[in-house]
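Read through the structure below, which is laid out as C-alpha cells, and then see the notes.
The values are calculated or read from the model by the stated rules, or taken from the named source; none is laboratory data. Not measured: the values here are computed from a predicted model. Every residue, glycine among them, receives a Cβ derived from its backbone with ideal geometry; neighbour counts consider all protein chains shown.
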Amino acid sequence: MEMNPPTDDTATTGLHPLPCGRTVEDVWDDLESDAPSNHLQTCPHCRTAQAGLEQLAAATSLLIDDPVDVPSGLLDRIMTAVRADLNLGHTIPLPTGSADVQVSMHALAAVLRYAVDGTIGVRARQCRIEPAGEHAVRVWISVALQFGAGQVGALEEARERVALALRGQIGLELEALDFEVVDVWTQP
Amino acid sequence: MSTDAVAQIGAADAAAQAARSVAGVVRLQPGLKGLIKQFAAQAWTRTTGRDVPDIAGVDVALTELQVDAEVRIVVTIDHHAADVGRKVHDAVAAALENTTGRPAVVRVRIVGFELEPRYT
C-alpha cells in the first residue's frame, strides 16, 4: 500500500503548533537533520521558532561557559532531558494489557533507522511513523542506496528487518512500509 | 521539608528503585523539570551533607485516595520493550502500594533505546 509521508495534522495533539501547520517539535527535528527542509528556510513562523530554539541553545552554552564549577556532562544532560520532553509529544501505546505503557515515536524511529542501517548498501535518513489500528504502525523511511548493491533485494531485506525489529524488539506490528529513495552513493 | 514532601520523595524513591531493578532498563530519564529537581537535590546534599534519593525520571503525586506516578525509562534494545514496560509498570505499582498503602496509577513512558548495549 502506498503511503505518503504523514502530514503534521495527523499527530499534533499536545504539541506546540505553529500557524503554518507545523509544530515547534518539527522545527527542532528539522534543525537536527542533516539537510533542513525548504519549508524551514522560507516559512516565517518556522524561522521565528528556529530563532527561539537557537537563543535557547545559546543561553545554554553561556551557562555552560560560566566560570562557576558546573557538573561534568551538564550540556549532555540538559539536551537529553530536552529531547526526552520533546519525545513525549508523540507516543504510541504498547500491547501490555491494562498496564499503561507508551513508547516515544522519536525513539521508535531511531530503532527503525538502526534496523535499516543494518542492511548492506542501505542508509536510513528520515523516518515517520503513524498508528494504524491497535498495536500496528505505518512507516515511511527515506533512504540512500549504494550504487550497484542490488537495490531491490536490499530494500526487501531492510523491510524484513524493520518488521522484525517492530515485532521482536518493541511489540508492534508493521502494517505498511514505504521507502523513498532520496540519494545514491558510490563506494570510493 | 514538609511531611508530605518527605512522603512523596519516599514513594518516588521506592518507585525509582523498583523500575531500575527490572532487566532491560538502562536508566530512568528525567525531562527538564526532573533534571532541575535533580540539580536541586544535589545542591541540597552538598549544602547539608544529607543525601536525597535519586528520583529523576519519576514523578509522583500523592492524593488522599491514590498515588499517581509517571516513570520515564530508557530500554536496551536486546530486551522486548513491551515486556520491559509491563514489568516496570507492575514493579512500580507494587512498590508504591507497599510504600503508601494506597492504590497506584502508573504510567510508563519509554523515551529512548540503547541501540548498542554493552555486554560486561
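Within region B:5-17, residues that are more than 18 Å from residue B:73 (Cα to Cα) have Cβ atoms under 8 Å from residues that are polar (S, T, N, Q) and assigned to a helix (DSSP H, G or I) in these pairs: B:7/B:100; B:10/B:99, counting only partners at least 6 apart in sequence or on another chain. Scanning region A:109-121 for residues being assigned to a helix (DSSP H, G or I) and in contact with a strand residue (DSSP E or B) (Cβ under 6 Å, 6 or more places away or on another chain) gives a total of 6.
Can you name the residue in region B:86-109 that is in a helix (DSSP H, G or I) and free of Cβ contacts under 8 Å to residues at least 60 places away in the same chain and, of all such residues, is farthest from the other protein chains (Cβ to nearest Cβ)? Steps first, please.
Quick first cut of region B:86-109, residues in a helix (DSSP H, G or I) only: B:86-100.
If we keep only those that are free of Cβ contacts under 8 Å to residues at least 60 places away in the same chain too, we end up with B:86, B:89-90, B:93, B:97.
Numbers: B:86: 4, B:89: 4, B:90: 7, B:93: 8, B:97: 14 Å.
Residue satisfying both the conditions and the ranking: B:97.
Of all residues in region A:67-86, those being modelled with pLDDT under 70 and either away from chain B (no Cβ under 14 Å) or under 24 Å from the mean Cα position of the chain (by Cα) (or both) number 1. Against the numbered list (1) of a type in the set (S, T, N, Q); (2) outside the structural domain of residue A:57 (by TED's automatic domain parsing); (3) in a helix (DSSP H, G or I), residue A:98 comes up short only at (3). Any idea which of (1) more than 13 Å from the chain's Cα centre (by Cα); (2) surrounded by fewer than 17 Cβ atoms within 10 Å (Cβ to Cβ); (3) of a type in the set (A, V, I, L, M, F, W, C) is the one residue B:104 doesn't satisfy? Looking at each condition in turn, residue B:104 falls short on (2). Take the conditions touching a strand residue (DSSP E or B) at 6+ places or on another chain (Cβ under 9 Å), surrounded by fewer than 18 Cβ atoms within 10 Å (Cβ to Cβ) and of a type in the set (Asp, Glu) and apply them to residue A:76. Does it pass? Here the answer is no, as residue A:76 does not meet what is asked. Of everything in region A:96-112 that is under 17 Å from residue A:30 (Cβ atoms) and crowded, with 21+ Cβ neighbours inside 10 Å, the residue that is nearest to the other protein chains (Cβ to nearest Cβ) is A:106.
Annotation note: of A:124, A:144, A:165, A:136, the sole residue that is under 29 Å from residue A:27 (Cα atoms), at pLDDT 90 or above and over 17 Å from the mean Cα position of the chain (by Cα) is A:136.
Return the residues of region A:17-34 that are part of a loop (DSSP other than H, G, I, E, B) and touching a residue at least 60 places away in the same chain (Cβ under 8 Å); say none if nothing qualifies. Spell out the reasoning first.
Narrowing region A:17-34 to residues part of a loop (DSSP other than H, G, I, E, B): A:18-22, A:33-34.
Residues satisfying the conditions are A:33, A:34.
Here's the yes/no breakdown for (1) in a strand (DSSP E or B); (2) more than 9 Å from chain A (Cβ to nearest Cβ):
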position	(1), (2)
B:19	no, yes
B:33	no, no
B:50	no, yes
B:71	yes, yes
B:84	no, no
B:111	yes, no
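Among the residues of region A:143-174, just one is away from every other protein chain (no Cβ under 14 Å), surrounded by fewer than 16 Cβ atoms within 10 Å (Cβ to Cβ) and part of a strand (DSSP E or B), namely A:144.
All of (1) touching a helix residue (DSSP H, G or I) at 6+ places or on another chain (Cβ under 8 Å); (2) buried (at least 19 other Cβ atoms within 10 Å of the Cβ); (3) at pLDDT 80 or above hold for residue B:16 with one exception: (1).
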